[in-house]
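Remarks on the structure that follows.
The values are calculated or read from the model by the stated rules, or taken from the named source; none is laboratory data. None of the values given here were measured: they were computed from a predicted structure. Heads up, the Cβs are rebuilt from the backbone with ideal geometry, glycines too, and the neighbour counts pull from every protein chain shown. Please note that ligands, DNA and RNA were not included when accessible areas were found on the heavy atoms of the full protein model with its side chains. Shrake-Rupley method; radii C 1.70, N 1.55, O 1.52, S 1.80 Å.
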Amino acid sequence: MKTVERPSPNFNDRQGGAPVDILVLHYTGMPNAEAALELLTTVEGKVSSHYMVGEGGAVYSLVAENMRAWHAGVSSWGGATDINSRSIGIEIVNPGHEFGYRPFTPVQIEAVIALCKGILQRWPITPARVLAHSDVAPGRKIDPGELFPWDELARHGIGRWPRLHTADTGLLAIAPGDRGEHVARLQGELVRYGYGLEATGVFDERSQAVVSAFQRHFRRSRFDGVADADTQFILADLLNQLDAVA
Ligand SMILES: [Zn+2]
């Protein structure tokens, strides 16, 4: 695919020798594309990503894929914390919740899909490790947010999507303030999927942030952090899919 070179000085060597096995998708959260490109490519910005995808479908290449771009910040997945060292990051232009969150454009999503396909061919990234910034930094980040069409990407073989949704499972909602075995079990399942959380048995603020991040990705109609029946069902389904490929 055709990319526009806009080299960023904000990168270093990947650390720790881990494979590149995570793909993190972001939105830029800036008033416009130029402002985002400026931030991502100037020393003062201290941030970068490997690519940026404009609303018109232009793909900018900022950091070489084999280098460590600075996009994830304080983050964790599957027990690993230096996500920048083992991931590729794509910034997708959208003003975000701060400057007027709006739908991603069809041509932009087409470009994201083509870009992701290439990356997934070049690196050993499994579908379950195609993640939102909010997945690796719950409570701190909410991008790319609930308007991002994860289901459409999954139809192209990019990332995981639940096979079934049902509202009639008989499962009771688990909500902030709850405590007990059922809370510990839910937390344990979220940890097993990859989220940075402790199975304390107390549905605290962190637990709510993680459930909300999970919902923004996999059940976008409501993302209040209450683990309702639908959310629990989807989590179980995704864990089954994980086990099936393990
Ligand atoms: Zn981000």
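Segment 97-164 and segment 19-42 have their alpha-carbon centroids 13 Å apart. Each pair of Cα atoms in segment 60-180 enters the Kirkwood radius, and Stokes-Einstein at 4 °C and 1.567 mPa s then converts it into a translational diffusion coefficient of 79 µm²/s. Dividing the mean sequence gap of close Cα pairs (under 8 Å, 6+ apart) by how many residues the chain holds gives a relative contact order of 19 percent. For segment 163-246, the set of trypsin sites (Lys or Arg not before Pro) satisfying both a DSSP loop assignment and a count of at most 11 other C-beta atoms within 10 Å is given as R163. Among V24, V191, V93, the largest mean-square fluctuation in a Gaussian network model of the chain (Cα springs under 10 Å) belongs to V191. With helices as the sole contributors, the chain gives -10000 deg cm²/dmol at 222 nm; each DSSP H run of n ≥ 4 counts as -39500 (n - 2.57), and the sum is divided by every residue.
When both bridge partners sit in the chain, DSSP labels roughly 35% of those beta bridges antiparallel. Among I119, I142, I109, the residue with the largest mean-square fluctuation in a Gaussian network model of the chain, with springs joining Cα atoms closer than 10 Å, is I119. Expressed as a whole percent, the accessible area of segment 11-63 that falls on carbon and sulfur atoms is 55 (1.4 Å probe).
Across segment 1-115, Cα-Cα pairs farther apart than 25 Å form 19% of the total. Normalised by the number of residues in segment 181-245, the mean separation of alpha-carbon contacts (under 8 Å, six or more apart) gives a relative contact order of 27 percent. The convex hull built on the alpha-carbon positions of the chain has an orientation-averaged projected area of 12.8 nm².
Treating r as the C-beta distance of V107 and R179 and R0 as 41 Å, the FRET efficiency rounds to 0.30. Of all stretches in the chain that contain no GluC sites (Glu not before Pro) in a DSSP loop with at most 16 other Cβ atoms within 10 Å, the longest one is 66-197. With a ≥ b ≥ c taken as the square roots of the eigenvalues of the C-alpha gyration tensor of segment 181-245, please select rounded if a/c is under 1.5 and otherwise prolate if a/b is larger than b/c or oblate if it is not? Note, shape of segment 181-245 comes out oblate.
Under a model in which nothing but the beta-carbon of Lys, Arg (+1) and Asp, Glu (-1) is charged, the chain shows a dipole of about 460 debye around its Cα centre.
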